[in-house]
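J.: One structure, as structure tokens, below. Some questions next.
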Amino acid sequence: MTTQQLDLVKKVVRQCVREYSLSQNPAMDETILSLNCFPKASSKKMAFLILTYKREATTEELARISSQPAGLIRDLRKDGFIFKGDGKGNNYLFKNAKGETCRSVVGYKKPKAEIKGRLKAVLEKSVAACVSAIEIYNKPDFKYREETFSILLVNAWELLLKAKILAINDNDIRSIQATDKEGNTKLNRAGNPLTIDINYALQQLVDQKLLDARCRENISLLMEIRDNAIHFINKSKNLNRKIQEVGTAGLSNYVTAVGEWFDKDLSQYNFYLMPMSFFHVTDIESHSILHSDKQIENILKHFQSVEDQYPSDASASYNITLRIQTHFVKASSTAQALDVRYTDNPEAPEIRVSEESIFKNKYPLTYAALVEKLKDRYINFRPDNRFHKIKKELEDQEKHLGRFCRINYLNVIEKKGSQQKFYSMEILKEFDKHYTKRK
């Protein structure tokens with residue numbers, strides 16, 4: 001929202017305050033005023049929001065605006081505003097300390113966009129570019145795969161960012177068209193309108209706090225790979241590994257963004273990159289970047305400087321890079337399976353994996369640690385009956401195959417004696433579906 005648009009909304013708010021004889025609401029700061037969903041006219045809907053945003057308003061106060069608030073609440077919820085409930089089944093009202101029935105808006109979560117028209121076409125094209133990037137990368141003997149992969153993935157991200165901008169501007173094509181200083185639409189050599197570039201799209205979404213900082217830096221690294229592709233004819237195992245780490249994080253971030261922004265399920269696609277299995281990890285580690293060509297050395301140092309700014313966080317929805325690791329596993333997919341494959345070959349090497357190692361690496365959260373993580377992660381979390389109901393469902397070993405929880409028994413073999421539950425970091429993303437994350 002421009003400064004001119006923000007000033008207009010503030011003016012309308014003042015008109016609404018006067019018209020309905022409302023007291024000013026200090027919580028109505030510029031962050032809320034600048035939301036594109038904010039009512040743009042003096043209305044009952046706006047008056048209702050001013051009275052309830054981050055403060056309680058009794059139903060008697062609200063009756064001065066409307067004796068039938070259901071429609072106003074429905075519209076505000078559709079915009080993304082979250083109401084406080086009483087914890088007893090009613091999600092939109094509660095009783096205060098005096099026993100008065102009240103309503104209160106406690107937060108805001110950007111609603112999912114309706115996918116139609118131009119937005120649908122741009123989003124489908126974005127997904128197609130992303131799938132193509134994966135297909136190219138997973139061709140083991142494709143001579144230009146890293147470069148082509150980065151070009152296509154950056155293209156997929158650019159289209160996805162434009163789809164998001166279209167979504168928050170009611171599918172208005174002008175929102176993604178480039179303009180000159182006079183506000184006129186720029187045209188290409190064929191006379192067709194030019195669209196904004198990826199950097200401009202990134203900045204728009206960052207300014208509106210709609211794009212995670214880690215995600216933005218990951219996209220920037222992908223663009224760096226694309227822009228420097230001409231230098232990648234040199235063989236460098238370190239560089240190939242780093243491209244895969246950045247690319248894997250880019251794909252993971254892409255799937256997360258599509259889900260968060262458009263509630264679109266991409267599970268029908270195989271969003272993974274083929275492991276670099278043509279040489280050993282020890283071969284990679286033995287190559288210092290100082291022995292690389294100067295251009296490769298520079299870009300690897302740049303990658304490292306960005307990673308240093310954003311340390312790895314397993315609980316984060318978005319990441320800069322994702323490291324590839326190899327593990328020995330049994331054919332079974334259950335978490336309780338032993339981490340080896342049985343054989344009667346006496347010459348087979350012996351591999352030992354401790355139970356302690358399994359819990360330390362895959363299930364690092366105790367119950368207390370999980371609760372603390374959730375308190376820090378969400379604005380509306382409480383360890384109440386709702387939480388325990390969700391947790392119990394995620395602890396179901398048969399349904400989820402131990403993906404989110406595993407029990408550590410005193411008697412590991414017979415699964416008897418005292419026990420303690422541990423949780424994986426993956427469980428946090430499941431709770432994201434039920435609670436509102438902090439900004």
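The values are calculated or read from the model by the stated rules, or taken from the named source; none is laboratory data. All figures in this text were calculated on a predicted structure; none of them were measured in a lab. All Cβ positions, glycine included, derive from the backbone under ideal geometry; neighbour counts span all protein chains shown. For the accessible areas, the whole protein counts, side chains as well, though only heavy atoms, and no ligand, DNA or RNA atoms are used. Shrake-Rupley method; radii C 1.70, N 1.55, O 1.52, S 1.80 Å.
J.: Could you list, in sequence order, the residues of segment 28-69 that are out of contact with any helix residue (DSSP H, G or I) (no Cβ under 8 Å at 6 or more places or on another chain) and charged (D, E, K, R)?
T.: 29, 54, 55, 56, 60, 64
J.: A follow-up question, please. Restricting attention to segment 102-114, which residues are touching a strand residue (DSSP E or B) at 6+ places or on another chain (Cβ under 6 Å) and farther than 16 Å from residue 380 by Cβ?
T.: If the condition is that a residue be touching a strand residue (DSSP E or B) at 6+ places or on another chain (Cβ under 6 Å) and farther than 16 Å from residue 380 by Cβ, then 102 is the only one that fits.
J.: Sticking with this one: Pairs, please: C-beta under 7 Å, at least 6 apart or cross-chain, first residue of a type in the set (Gly, Ala, Ser) and in segment 171-193, second open to solvent by less than 60 Å² (accessible area, probe 1.4 Å)?
T.: 175/165; 175/166; 175/169; 178/196
J.: Now, a different point. Taking the conditions exactly as written (within 30 Å of residue 224 (Cβ to Cβ), modelled with pLDDT of 65 or more and aliphatic (A, V, I, L, M)), does residue 316 satisfy them or not?
T.: Yes.
J.: Output the helices (runs of 4 or more DSSP H) that fall wholly within segment 1-56 and possess 2 or more residues being at pLDDT 85 or above, open to solvent by less than 90 Å² (accessible area, probe 1.4 Å) and over 18 Å from residue 75 (Cα atoms), or say none.
T.: Answer list for segment 1-56: 3-19.
J.: Also, I was wondering about something else. Find all pairs meeting these conditions: Cβ atoms under 7 angstrom apart; at least six residues apart or on different chains; first residue within segment 194-215 and within 18 Å of residue 437 (Cα to Cα); second residue open to solvent by 40 Å² or more (accessible area, probe 1.4 Å) and part of a helix (DSSP H, G or I).
T.: The qualifying pairs are 206/216.
J.: Residue 66 is checked against (1) surrounded by fewer than 18 Cβ atoms within 10 Å (Cβ to Cβ); (2) assigned to a helix (DSSP H, G or I) and fails just one. What number does that condition carry?
T.: Against the list (1) surrounded by fewer than 18 Cβ atoms within 10 Å (Cβ to Cβ); (2) assigned to a helix (DSSP H, G or I), residue 66 comes up short only on (2).
J.: Now, a different point. Got a sec? Which of 189, 174 is in a loop (DSSP other than H, G, I, E, B) and open to solvent by 20 Å² or more (accessible area, probe 1.4 Å)?
T.: 189
J.: Among the residues of segment 95-111, is any open to solvent by 20 Å² or more (accessible area, probe 1.4 Å), touching a Phe, Trp or Tyr at 6+ places or on another chain (Cβ under 6 Å) and either touching a residue at least 40 places away in the same chain (Cβ under 8 Å) or over 28 Å from residue 164 (Cα atoms) (or both)?
T.: Among the residues of segment 95-111, at least one is open to solvent by 20 Å² or more (accessible area, probe 1.4 Å), touching a Phe, Trp or Tyr at 6+ places or on another chain (Cβ under 6 Å) and either touching a residue at least 40 places away in the same chain (Cβ under 8 Å) or over 28 Å from residue 164 (Cα atoms) (or both), which makes the answer yes.
J.: Of everything in segment 195-218, what is modelled with pLDDT of 90 or more and among the basic types (Lys, Arg)? Give them in sequence order.
T.: 216
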